[in-house]
């Protein structure tokens, strides 16, 4: 198995999914937990991460194996050896130097600042790549906790999109290289 990229922050170990880990997450959940060295998590994956999203990640990593890190990362408690959430990017930087970030925490680990810690660690990693000039995000307009994560990480609102067929609007966010979170 390809050795995954790992980051650490004060309370998290972040592991970038490899093509092999992404496949295990779909086909052998027990093997996925074992490969990460974590306790089995019955409620995995977190809210808003459905099978289509997991398949998309696997397919993108299979097509672009050298871009591991520009897709999904899992957030692990190094103390409890448990999965807490996941996040990452929707691919490598585009021609304008943008990457889009997303994140989701298991319910038990919300409202503890862990998502903000993970977003900050991932942004620091992304900005080490000279191609990255801006990190963007899109949140549902009814997700105040997600808005707080981005605000604490130094993002600013950059646009709004009205409610569509899904019944909710979307807020666009942006963070530029060199911006410092308050």
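The values are calculated or read from the model by the stated rules, or taken from the named source; none is laboratory data. Keep in mind that this is a model prediction, so the values were computed, not measured. Note: ideal-geometry Cβ built from the backbone for every residue, glycine included; neighbour counts use all protein chains shown.
Annotations
- Members of region 55-82 found to be closer than 15 Å to residue 35 by Cβ and in contact with a strand residue (DSSP E or B) (Cβ under 6 Å, 6 or more places away or on another chain), listed by number: 68, 72, 73, 74, 76
Yes/no matrix, rows are residues, columns are (1) exposed (fewer than 14 other Cβ atoms within 10 Å of the Cβ); (2) outside any strand (DSSP E or B):
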| position | (1), (2) |
| --- | --- |
| 80 | yes, yes |
| 87 | no, no |
| 112 | yes, yes |
| 123 | no, yes |
| 136 | no, no |
| 148 | no, yes |
| 159 | yes, no |
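- Here is the figure for region 134-155: residues that are out of contact with any helix residue (DSSP H, G or I) (no Cβ under 9 Å at 6 or more places or on another chain) and closer than 19 Å to residue 70 by Cα total 3.
- Residue 65 closer than 19 Å to residue 2 by Cα, loosely packed, with under 14 Cβ neighbours inside 10 Å and more than 15 Å from the chain's Cα centre (by Cα): yes
- Residue match in region 16-37 (condition: surrounded by fewer than 17 Cβ atoms within 10 Å (Cβ to Cβ), part of a loop (DSSP other than H, G, I, E, B) and free of Cβ contacts under 8 Å to residues at least 60 places away in the same chain): yes
- Some residue of region 47-59 being surrounded by 15 or more Cβ atoms within 10 Å (Cβ to Cβ), touching a helix residue (DSSP H, G or I) at 6+ places or on another chain (Cβ under 7 Å), more than 26 Å from residue 147 (Cβ to Cβ) and modelled with pLDDT of 95 or more: yes
- Conditions (1) within 29 Å of residue 160 (Cα to Cα); (2) in contact with a strand residue (DSSP E or B) (Cβ under 7 Å, 6 or more places away or on another chain); (3) surrounded by 16 or more Cβ atoms within 10 Å (Cβ to Cβ); (4) at pLDDT 95 or above: number failed by residue 97: (3)
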